[in-house]
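One structure is given below, encoded as structure tokens.
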Amino acid sequence: MFFCSFNLLRRSACAALGLLTLANIAHAAGPLTFEKDIRPILKTNCFQCHGEDGEKKGDLDVRLARFILKGGENGPAIVAGDPAKSHLLDLVKKGEMPKKKTKLKDSDIATIEQWITQGAKASRVEPETLGPEFAFTDEERAWWSLQPIKKPSIPAVSNLKSPVSNSIDAFISQKLAEKKLTFSPQADPATLIRRITFDLTGLPPTPEEIAAFQAAFIQHPESSIQDLVSRLLASTAYGERWGRHWLDVAGYADSDGYTEKDPERAHAWKFRDYVIRSLNDDKPFNQFVREQLAGDEIAAAEKLNADAPTPQQRERYADLLTATGFLRMAPDGTSVQSDITSQNACISDTIKIVSAALYGMTIGCAQCHDHRYDPITQADYYRLRAVFEPGFDTKAWRSPAGRLVSLQTKEQRAEADKIELEAKKIDDARLAKQEEFITEVLDKEIAKADEAVRDALRTAYRTVAAKRTPDQVKLLKAWPRVNQLTSGSLYLYDTTNNTKHAAELKKMVDDAAAVRATKPKQEFVQAFSELPKAPSAVPATFLFNRGQPDQPKQQVQPGDLSVLAGWRHVELPAKSATLPTTGRRLAFADSMTDGRHPLLARVIVNRVWMHHFGKGLVASVGDFGVLGSKPSHPELLDWLSSEFMESGWSLKHLHQLILSSRTWQQSSRRDAARDRIDPDNRFLSRQNVQRLEAETLRDALLAVSGKLNTKLRGNPVPVMFNEEGQIVIGADTTDTAGRQTGKFIPLNGEEFRRSIYVQIRRTRPLEMFATFDAPSMMDAVCESRPVTTVSPQSLLLMNNGYMREAAQYFAQRLQAECGPDVEKKITRAWQLGFGRTPSMSDVQSASEFVAAQTEHYRTHPAKLEHVTGPAETKDASPELLGLTAFCHALLSANEFLYVD
């Protein structure tokens, strides 16, 4: 008992000491003010019940310091200068407030207590009433990410031995000097080319490319890197690699999600191809964004449609419509259950995608109430929703199938109509023949009946089923061979002619189908579009009480975040006077991309930086708000954002700038002294080692094994459940009851295409992708991928069928290229897999391993394995299996999995 009491006393004393220490820290930091120090705490925890949206429990409003001093039903909530007599402080210390919520943090309680002790001061004269104009404090408006982007001066560098030719290095060097750090040495050429190639294309360099680069690097280090970067940026693999990054943010999937049925989106892949094509063309990023937000309205402004007179105009129209698929990527259950809940979920997920991709802010947190941390009101959320409301229109909701837009031209429609007429002639002839044959058989069958009922039986058969009398129904049931006579059952009637008749009719059906197959293929795109409406018919947007769609309150007009209005006032039209649609999205897109919005360029530049370094200048890439991270190099972020916009919003220019920097080219070798000063490498005194992403890992396996199919664009490579219940690549052959039929449908090399083309079914993530942190897209958006290190990854590398299959193909490639020489095969494998030549000891130990494995398979024969497709019937050669075991070991090694 004594020890328990003693421990309790010690904990209480420590807690009190903690509060005292926190209070002392607050006091040491200078005088506290309501706006800067107290309001954020109360806004997060108390506004909802005491002031927000007219709610004042206990008649207490805590949104102003003087409101708190005045108090409510129980008198003053605080007494300035006297914490002991302050009722509010007493309640939060006891945990009685906020009610039914987590107790305030000790640090917050200490801050409130110190503020009261100092006299409960406000930093300025407070208003008499709180209208919309006082929604935010000056401190909230001054948040760094909401300020205009201004290009800072490049710092003068004096701490480097060699001159700085890249502006990035000047900003990084300045921070390093403050921490008494310096750059690490430049990585060696073999490391640089592997890093650059994976970075820009998601594929490994070939041994021949490595050798050529090393030779060029010796002569001209800087220009050889620039030439390499330029060559890779010009490759189609660049768009495939960086398109994957944007598709994550856009929430791309080939299925609707939301429900377990997860219907497929047959045309979503066209948006994926649009993204790849746009990045390969280095389409200005502001144009890229404009098209995705308002491609249909741009087309209307340019007077484009599917019947545009030139192929270039038709292609432009298709491109613009396809781009709006960005706004159709959210999970959508309305094809299965279209109700107010599923519709609202689709809209809110779309806004989540827009806000994460373009704002880098958690705007969705304001759907039910004012944002608890950032200067975003609930009305702001619904103003943003109003931008897109006309395209959703919950009063006239269109199902996913109803949103498809045909790209068929007038000429194609005319040609299709002409072909349909020819097919119709065959149909008419078939129907005439069919009637002739049925009459012939009917006469024969009726002749078998008693003469007294023949006429009645014929009349009953010729009467439409819905109009038959009970007597006719009874009569036909008595003569089933008459009752069951149809064109499809002719072959069942045992005469030579009837079998011949059935075959003749089937041939005519096939002939009509063959004629119809010559029609121009009708292409559709999954697009976001508005149906033209009169101004009075444009759907209104209402603020929902607590976010409940069945509780609409006041109507709101389209707009951007109101916190930006102080320096950036943008008018968005309720209805455009020049477009058949509202024009809201086009006006919004223009305002986002005109170079004056504070967030878009910063957010995009930060994402690009993250993919090059493994971590953004703002570590929380999807949250530039109060709960996110502040930039490690704010001046560099703004300089890069300005440079990005000044370069014409060119992503390729940004890549060239970053990859030519000394910062990016540093070695990743760790150093104990550096790690003590900067353990997380936030100041970039070295490069970060990065693991291959899930899709890049699979693509690298295909590349080194020699099986990679580089076909561009097109329908996704299907996925299916195999007999073990694993999700693998393959054409789904389950029947309507969900049972495996066992039928194999060859994909003819499609199974070896790059991973960006593999179908993304939200409920069917490929096993390798899921294990290595690829998003399943069950959520609307993937702001950034986690990088986990868990045991299933090692188990997959050792046991997964794709890994074994890749090792087999790798071994077969080595046999084909190197012949019987084991050491030659080992050297080639090392060069292909790791981008370097093995040491003599590597070759010796690998040779011994291959020999031991080969001997094992001489006494334990085995067959090659295939994830999908027919099984092998013959045992493989021991030599191939032994080499396969070695290849499997290489492909499972960290040196293959990580980029240095």
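Values in this text are rule-based calculations from the coordinates and carry no lab data. Quick caveat, the model's predicted, so the values are computed rather than measured. Every residue, glycine among them, receives a Cβ derived from its backbone with ideal geometry; neighbour counts consider all protein chains shown.
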| Charge sum, other residues only, whose C-beta stays under 12 Å from Asp623's C-beta, Lys/Arg counted +1 and Asp/Glu -1 | -1
| query | How do Trp115, Trp143, Trp639 rank when sorted from fewest to most other Cβ atoms within 10 Å of their own Cβ? | reply | Trp143, Trp639, Trp115
| said: If you filter the range 613-675 for trypsin sites (Lys or Arg not before Pro), then keep DSSP loop positions with at most 14 other Cβ within 10 Å, what is left? | reply: Arg669, Arg670
| field | For P(r) over Cα pairs in 20 Å bins from 0, in percent, calculated from these coordinates, the label among (1) 11, 33, 33, 16, 6, 1; (2) 10, 18, 16, 13, 16, 16, 10, 1, 0; (3) 13, 34, 28, 16, 7, 1, 0 | value | (1)
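Please give the calculated 222 nm ellipticity per residue for the chain, where each DSSP H segment of at least 4 residues contributes -39500 (n - 2.57) and the sum is spread over every residue; nearest 500 deg cm²/dmol?
That calculation yields -15000 deg cm²/dmol at 222 nm.
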| request: Could you name the aspartates and glutamates whose alpha carbon sits less than 13 Å from that of Lys56, not counting residues in the same chain fewer than 8 places away? | output: Glu73
| remark: In this structure, among Lys121/Lys151; Lys711/Lys874; Lys43/Lys93; Lys448/Lys474, pairs with alpha-carbon gaps over 27 Å are Lys121/Lys151; Lys711/Lys874
| task | Going by C-beta contacts inside 10 Å, put Leu890, Leu627 in order with the fewest on the left. | result | Leu627, Leu890
| query | In terms of Cα to Cα distance under 19 Å, which aspartates and glutamates are near enough to Lys507, apart from those fewer than 8 places away along the same chain? | reply | Glu420, Glu422, Asp427, Asp428, Glu435, Glu436
| query | Looking at the range 839-900, which trypsin sites (Lys or Arg not before Pro) are in a loop (DSSP not H, G, I, E or B) and have at most 13 other Cβ atoms within 10 Å? | reply | Lys863, Lys874
| note | Percent relative contact order for the range 17-134, counting Cα pairs under 8 Å at least six residues apart, stands at 31
| Taking neighbour counts of Cβ atoms within 10 Å as a proxy for exposure, in what order, fewest first, do Val618, Val563 appear? | Val563, Val618
| field | Arg670 versus Lys85: modelled label distance in nm, points set 7 Å from Cα along the beta carbon direction | value | 5.8
| remark: Counting only DSSP loop positions in the range 477-546, the GluC sites (Glu not before Pro) whose Cβ has at most 13 other Cβ atoms within 10 Å are none
| In order through the range 539-549: 3J(HN,Hα) via Karplus (6.51 cos²θ - 1.76 cosθ + 1.60), integer Hz, x for Gly, Pro | x, 8, 10, 10, 6, 8, 5, 6, x, 8, x
| message | Which of rounded, prolate or oblate describes the range 43-147 when judged by the alpha-carbon gyration tensor and an a/c cut-off of 1.5? | response | rounded
| Among the aspartates and glutamates, which fall within straight-line cross-link reach of Lys433, defined as a Cα-Cα distance under 12 Å, with same-chain neighbours fewer than 8 residues apart omitted? | Glu504
| Cα-Cα over 21 Å: which of Lys103/Lys553; Lys36/Lys630; Lys57/Lys100; Lys533/Lys575? | Lys103/Lys553
